[in-house]
Structures are given as structure tokens and as C-alpha cells.
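Quick one: structure below, then a few questions.
Bear in mind these aren't lab numbers, they're just calculated from the coordinates by the rules spelled out. Please read these numbers as outputs of a predicted model, since none were measured by experiment. Heads up, the Cβs are rebuilt from the backbone with ideal geometry, glycines too, and the neighbour counts pull from every protein chain shown.
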Amino acid sequence: MTNAYPSLKRFARLEAQIDNPQEVGMTQHGQRRLIPILGGHVAGDGWEGRVLPGGADYQLIVTPRMAELDARYTIETDAGDYIFVQNRAIRVADSDTTERLLRGESVDPSQVYFRCSPSFETASPSLKWICERLFIGTGIRRPDTVELELFEVC
């Protein structure tokens, strides 16, 4: 039997450049918006890559405090491997801070609970192991970027 208490191992740091939100508006489920992903950079232990343009973060503001996020994008590693990422997250802050985030303003990251659980798909034989592990992460929302620290749950 393995250790009953999981540990975390740093997997990668990712920074994605984002475009202006596409506001759908208030739907039956909450305030729906889409944030286009323009590109970015990712660095892991001994590898680097880039976030390809064309992905998006599908957001649902469910309360004045909480947003449910579902980002989908592709990474190309420096070795030429492709990784599809689906990253689900929640972002929680007081209603004033949430309003500032929605307006694209800078906020103190310590005022925002931003946690994620990315999953990966790849055809790369050397990276196949990432499809067989759980990952979690923390995030920071900047006016034109999102920064993620991702960890393997060991």
C-alpha cells in the first residue's frame, strides 16, 4: 500500500497571454464569458514549451464571489510534442475584488482563491505518463495574463 498522504511535486509554471473577454451575458446558469488565449510560455523540470494561440477560458460567474473556469488549449514542447490541456478551476474573492477582476483591473493575488485541476492528453510516448497522473495548481489573474503553478499529486 502506498502512503495514505499524498505529496506534491512541481510540474510546470505556465504564463498565458489573454485577449479581451467576449461577454455572452447573464444566462440561466450565471454570467457567461469567454476569454481567448493568445499564446504563452511554459517551463517544467528540464523542458520548455509554448502555449499555442487559439485556446480559450470558458468562464461562468456563478455568484458575486465565485467563478467556475474551464480553459482548453494546446502546448507545444521544445521537443515538438503536443499536449492538449483542459484546466478546470474556481476563482473566489469578495464581490468588490471579483468586480475589479471582471473589469480587467489588477488585484492583489492574496485576495483571490484561484485553484485548478488540469488534465492532459498527448500522443507523445515520453510524456504519456502525464495522462496517468492527477495535477493541481494555483493561479494568478493579471490584466492581460494568467500565471499558473502546476503540481503533480504523488
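Are there any pairs, at least 6 apart or on different chains, whose C-beta atoms fall under 6 Å, with the first in the stretch 130-154 and within 13 Å of Ala12 (Cβ to Cβ) and the second small (Gly, Ala, Ser) and surrounded by fewer than 20 Cβ atoms within 10 Å (Cβ to Cβ), and if so, which?
So the pair list comes out as Ile136/Ser117.
Right, here's the next one. Only one of Ala79, Ala56, Ala43, Ala4 is surrounded by 15 or more Cβ atoms within 10 Å (Cβ to Cβ) and not β-branched (Val, Ile, Thr); which? Let's see the steps before the verdict.
On the way: Ala79 fails: surrounded by 15 or more Cβ atoms within 10 Å (Cβ to Cβ); Ala43 fails: surrounded by 15 or more Cβ atoms within 10 Å (Cβ to Cβ); Ala4 fails: surrounded by 15 or more Cβ atoms within 10 Å (Cβ to Cβ).
Answer to the check: Ala56.
Please identify the pairs in which a residue from the stretch 40-67 that is under 21 Å from Ser124 (Cβ atoms) has its Cβ atom under 7 Å from the Cβ atom of a residue that is part of a strand (DSSP E or B) and of a type in the set (Phe, Trp, Tyr), counting only partners at least 6 apart or on another chain.
Filtered contacts from the stretch 40-67: Gly44/Phe11; Val51/Tyr73; Leu52/Tyr73; Gly55/Tyr73.
How many residues does the stretch 79-96 hold that are touching a Lys or Arg at 6+ places or on another chain (Cβ under 9 Å) and either touching a residue at least 60 places away in the same chain (Cβ under 8 Å) or of a type in the set (Ser, Thr, Tyr) (or both)?
Residues of the stretch 79-96 that are touching a Lys or Arg at 6+ places or on another chain (Cβ under 9 Å), as a first pass: 84-87, 89-95.
Filter again for either touching a residue at least 60 places away in the same chain (Cβ under 8 Å) or of a type in the set (Ser, Thr, Tyr) (or both), leaving 87, 95.
Here the count works out to 2.
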